[in-house]
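For reference, the structure is listed below as structure tokens.
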Amino acid sequence: MRTYSCKTKEELQKEYDQVMSDYEKLKRRGLSLDISRGKPSRKQLDSVSELLTILQTPEDCFDDGIDTRNYGELSGLPSARAYWADVLGCKPEETFVGGSSSLNFMFDIISRAYSHGLLHSEKPWCKEEKVKFLCPSPGYDRHFRVAAFFGAELITIPMTPDGPDMDLVEEYVKDPTVKSIWCVPKYSNPDGIIYSQETIERFARLKPAAPDFVILWDNAYCIHEFDGEYVPFPDIISMCAAAGNPDMVFEFASTSKITFAGSGISVMAASKANIDYFTKILSVQMISYDKINQLRHVRFLQNKAHTIELMKKHAAIMAPKFHAVLDILDQEIQPLGFASYNRPKGGYFISLNTMPGTAKRALELCKQAGLTMTPAGATYPYGIDPNDSNIRIAPSLPPVEELREAMDVFCTCLKLAALEKLLAA
Ligand code: PLP
């Protein structure tokens, strides 16, 4: 197979006619497929459903003398704080364990920064003339939406194979209106990049002009390998403290992709001073999170080592799906030379860059053929990809057979959009 760039106009036209006829056939099949969001599959959920019956009697609901059915322990059940401290490598007093959503913690922190300010704010962010967020991109659309929701200006920071472009980050934080940065340090969404040790050290050593600059360290995929052994990660909380920036970072994680997405438990980790500050603020809006669920999780997950073992069950379900997607891309797309993609070993996504200027069109064609994908542009601030090239593939939810069908549609649409552009040139 020759790359599209080596083909003559006539050859491209012939290819277009063939791909268009394949596309019309696919459309006639009336498919309804969805690879848009990183949700665990039914099989994964079933594999951890022992969680549902782990607490059966009133006595089971006591944990170290604490009746989990009652109010109390706002910052989390001590055993749940100890569990997360073990997973993240920080201290239990540096954790706050909440409900099912870590995104909710992120939203809350930004919301409080705007309404009341963070620990070192001179004034609430809503009183600042300008607030800027650094957004490593491609990135997680919901991060960008939270910052935009509060009116922050979003600045795109390109990703490198080692994480965000740190030269740029160090330059931008000299601006006192730059208040925050979003980070997904392990298996970044969507690129699957693991930040290098040097990148993480440079984050810890940042010297921002804003006294209340905050790193939002979303470690959503911290133990989510599906290929190969567990990859250790450093404790960002103690690294920032050692670099003289103890209050500069909030770390987040949850069991959304370990147990039940939407019915798990989440954690935010930060310096003790930050945890104390936020516990005081959160006590105004909340008396107690769901400690029964926290206890269920502690009993089921036990500790980091046991959880990593359990993640192998997820891996056995996830790996064949990622391999199926990559095999099809290797066969159908790679030889044509107009697109590139990552080969992640963990996380939930494959990130593909197609011919610039054709991502939107390709996904429009997918939609018409019954395939829903994450919208083009979603991985960039304001939903605008300047190159109209990045597409996020989420292989986790459908069974492999359905995934193959979806990839058939996807590859056909990628080719069609690329051919349309080449023929119009
Ligand atoms: N952070 C990242 C990077 C994610 O990809 C996701 C979900 O896809 C979340 C957070 C959501 O986490 P939670 O379910 O804990 O709110």
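For region 1-116, what is the accessible area per residue in Å², given a 1.4 Å probe and the full set of protein chains?
54 Å²
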Query - Ranked by how many other beta carbons lie within 10 Å on average, peptides 256-264, 37-45 from highest - result: 256-264, 37-45
Requested in this report: Choose one answer from Asp64, Asp247, Asp408: the residue with the largest mean-square fluctuation in a GNM of the chain with alpha-carbon springs under 10 Å.
Outcome: Asp64
Report summary line: Output ordering of 220-230, 164-174, 265-275 (per-residue mean of other Cβ within 10 Å, highest first) is 265-275, 220-230, 164-174
Query raised in the report: Between the helical axis of 359-368 and the dominant principal axis of the chain, each derived from Cα atoms, what acute angle in degrees is found, rounded to the nearest 10?
Result: 80 degrees
Report summary line: The whole-number value in µm²/s of the Stokes-Einstein translational diffusion coefficient for region 234-273, with Rh from the Kirkwood sum over alpha carbon pairs at 10 °C and 1.306 mPa s, is 141 µm²/s
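To the nearest 20 Debye, how big is the dipole of region 1-98 about its Cα centre, given +1 on the beta carbon of each Lys and Arg and -1 on that of each Asp and Glu?
On the way: 15 positive and 18 negative charges, 224 e Å.
My answer is approximately 1080 debye.
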Query raised in the report: Once Rh for region 35-182 is found with the Kirkwood sum over Cα pairs, what is the Stokes-Einstein diffusion coefficient at 20 °C and 1.002 mPa s, in µm²/s?
Result: 114 µm²/s
Query raised in the report: Simple spin-label model, 7 Å along Cα-to-Cβ: Ser288 to Asp327 in nm?
Result: 5.1 nm
Query raised in the report: If you take the charge dipole of region 301-358 about its Cα centre, with +1 on Lys and Arg Cβ and -1 on Asp and Glu Cβ, which of Asn303, Phe322, Ser351 is farthest toward its positive end?
Result: Asn303
Requested in this report: Can you tell me the dipole magnitude for the chain around its Cα centre, using point charges on the Cβ only (Lys, Arg +1; Asp, Glu -1), in Debye to the nearest 20?
Outcome: 760 debye
Query raised in the report: Rounded to the nearest 500 deg cm²/dmol, what is the calculated helix-only ellipticity per residue at 222 nm for the chain, with -39500 (n - 2.57) per DSSP H run of length n ≥ 4?
Result: -13000 deg cm²/dmol
Query raised in the report: When you count, for each residue, the other Cβ atoms within 10 Å and take the mean per peptide, how do 412-424, 16-28 rank with the highest first?
Result: 412-424, 16-28
Query raised in the report: How far is helix 291-301 tilted, in degrees, relative to the longest principal axis of the Cα atoms in the chain, given as a value from 0 to 90 rounded to the nearest 10?
Result: 70 degrees
**Report entry** Spatial extent of the chain: Rg and Dmax, with the Cα atoms as the point set, Å
**Finding:** 22.9, 78
Requested in this report: May I ask you to list the lysines whose Cα is less than 22 Å away from that of Lys9, ignoring any residue fewer than eight positions away on the same chain?
Outcome: Lys415, Lys421
Query raised in the report: Glu401 versus Lys9, label points 7 Å from Cα toward the beta carbon: distance in nm?
Result: 4.6 nm
**Report entry** Farthest positive-ward along the chain dipole, Cα basis, beta-carbon charges - from Gln197, Ser21, Tyr172
**Finding:** Ser21
Report summary line: Cα gyration tensor of region 62-141 diagonalised, 5x eigenvalues square-rooted, in angstrom largest first, produces semi-axes 31, 17, 12
Requested in this report: Calculate how steeply helix 78-88 sits against the longest principal axis of the alpha-carbon atoms of the chain, using the helix alpha-carbon long axis, and give the answer as 0 to 90 degrees to the nearest 10.
Outcome: 40 degrees
Report task. List the relative contact order of region 193-334 as a percent without decimals, with contacts defined as Cα pairs under 8 Å and 6+ residues apart. Result -> 23 percent
Report task. Enumerate the lysines that Lys207 could reach by cross-link, defined here as Cα to Cα under 26 Å, with residues fewer than 8 away along the same chain left out. Result -> Lys91, Lys123, Lys127, Lys130, Lys132, Lys174, Lys179, Lys186, Lys272
Query - Computed over the chain: relative contact order in percent, which uses C-alpha pairs under 8 Å that are six or more apart - result: 26 percent
Requested in this report: Could you check what % of the DSSP bridge pairs in the chain are antiparallel, to the nearest 5?
Outcome: 50 percent
**Report entry** Within a Gaussian network of the chain (alpha carbon springs, distance under 10 Å), most fluctuating of Asp67, Asp34, Asp385
**Finding:** Asp67
Report task. Sketch the reach of a paramagnetic label on Asp64 as a point 7 Å from Cα along Cα-to-Cβ, and name the residues of region 296-316 whose backbone nitrogen lies under 13 Å away. Result -> 298-299
**Report entry** Hull shadow area, averaged, region 318-425 [alpha-carbon convex hull, nm²]
**Finding:** 6.7 nm²
Query raised in the report: Counting DSSP beta bridges with both partners in region 127-224, what percentage is antiparallel, nearest 5?
Result: 15 percent
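The values are calculated or read from the model by the stated rules, or taken from the named source; none is laboratory data. All values derive from a computational prediction rather than experimental measurement. With ideal geometry, Cβ positions are generated from the backbone for all residues, glycine too; neighbour counts draw on all protein chains shown. Ligands, DNA and RNA are stripped out before the accessible areas are found, and what is left, the full protein with its side chains, is counted by its heavy atoms. Shrake-Rupley method; radii C 1.70, N 1.55, O 1.52, S 1.80 Å.
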